[in-house]
Every structure is written in structure tokens, then in C-alpha cells.
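Heads up, the thing below is written out as C-alpha cells.
A short reminder: the numbers here are calculations on the coordinates, not readings from a lab. Worth saying up front: this structure is predicted, and the values here are computed from it rather than measured. Glycine gets a Cβ as well: all are built from the backbone with ideal geometry, and neighbour counts include every protein chain shown.
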Amino acid sequence: MVFPENEFQAKQSERAEKATFLAKAVGYLLYAITALGIIALTVTILFSNKTDTSLKILPAIFATCLLFFLFRTFFKQLAQAKENKITAVLVDQQGFHHVEDFKTVKSITFDALRPNPGKKYDIDLSDGDDVSIELLVYHRDDVANEIVCKAITFETSFSIKNGEELKKHFISGIMLFRPDLKIAPRVLDFFDMKDQ
């Protein structure tokens, strides 16, 4: 679906409130179960009559360290979620944007996209061996003054219903505004855009 330049409509993310709530609830539950499991195991070892008193100290120290790092990680993630003020993700005629209350916070613009001199394709997918498969683009990083590879991800504290649709729209924008960039066929297959 190729749009004339003046008809390339902006698309905005839609929050998935139930999925966000469920993901957070499962995460909190896992933290709670892990903490309770460590505490229960430590208490069992400490009050065991079969274990020598000198051997009880090591598990108590180990459990204290584990609980410290577990709670530290939990509160660090809570703080990061509170600091993340992104309210929406938007794909428009300029590119892919993270928005905070109608103000663009982060962007990958179509103009900033660059060809990748080392590879056959400029727009590709990550291999997905150790991480999920993501859309990869190469763009000019003004701070580092070099061309860098960037995965198109949603840096939000909430789940997005139409994430795949936004990525498809971004690819359509690349096809329209940057026809000089080569898109890997597997990108079109993965996003089911073969007929475009």
C-alpha cells in the first residue's frame, strides 16, 4: 500500500491496558514468589536441627545478598517506569517518534536513515538468536558522528496493541520517502507486505 506524500497519514499507538496490567501483575508476582522462596528456604535451613550452626551462617549471608539484589532490582525498575513519561508512539511523514504529551522525545526520521555500506540491505531484521526479532535500520547519529544500527522498538512503560501495524507503516514510509534504501525481502515476508 503506497501512499502519495500528502496522503501518508500519521498513525499513533494504542495502549493495551489489560496486557500492561497482566504483564505488571505477573512481574510483581514473580518477584514476590522469589523473595518468599528465598526467605522460606533460609528459615528452614536456620531452624534445622540436622545442620551444624557454623554451616547456617553461609546460607543466611547468601540469602541476605540475594534479597538485597532482588529488592534493589525491583525498586530500580519501578523508578525507571516512573521516569519514563512517554505517552505514545507515532509514525508520520517525518518518521518514527516517541512522544511525551504532544512533544517529541526521540525520533528516527526518514531523512536520517542511511544506506549500510557493509551489507547488501539497508533495512533488515535482527537474527533473533538471543533476542526477539526486531526491525533494524541504519541512521546518522549526530552525537557520535557516525552511522549506527538501531532496532525499531517501543520504549514505553505500557503495552501497545498496534505495534506491528506501526512498524508496517514505518516500512511503507521508507518505501515512499526513501526509495533509495534497499529493504531485505525477509522484512517484507515477516511483516506480510509482499504485495507492496
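Taking amide H atoms as placed 1.01 Å from N in the peptide plane, the amide H of LEU125 lies under 5 Å from those of LEU136, each 5 or more residues away in sequence or on another chain. For segment 129-196, the gyration tensor built on C-alpha atoms gives an oblate shape. Its axis ratio a/c (a ≥ b ≥ c) is at least 1.5, and a/b is not larger than b/c. Simple rule: put +1 on each Lys or Arg Cβ and -1 on each Asp or Glu Cβ in segment 51-196, find the dipole, and look at GLY95, ALA81, LEU166; the Cα lying farthest toward the positive end is ALA81. Dividing the radius of gyration of the alpha carbons in the chain by their Kirkwood radius gives 1.16 for Rg/Rh. Listed here are the pairs LYS120/LYS150; LYS11/LYS120; LYS120/LYS161; LYS18/LYS161; LYS106/LYS168; LYS119/LYS182; which of them are more than 21 Å apart at the Cα? Over 21 Å Cα-Cα: LYS11/LYS120; LYS120/LYS161. Only helices enter the 222 nm calculation for the chain: every DSSP H run of n ≥ 4 contributes -39,500 (n - 2.57), and dividing by all residues gives -14500 deg cm²/dmol, rounded to 500.
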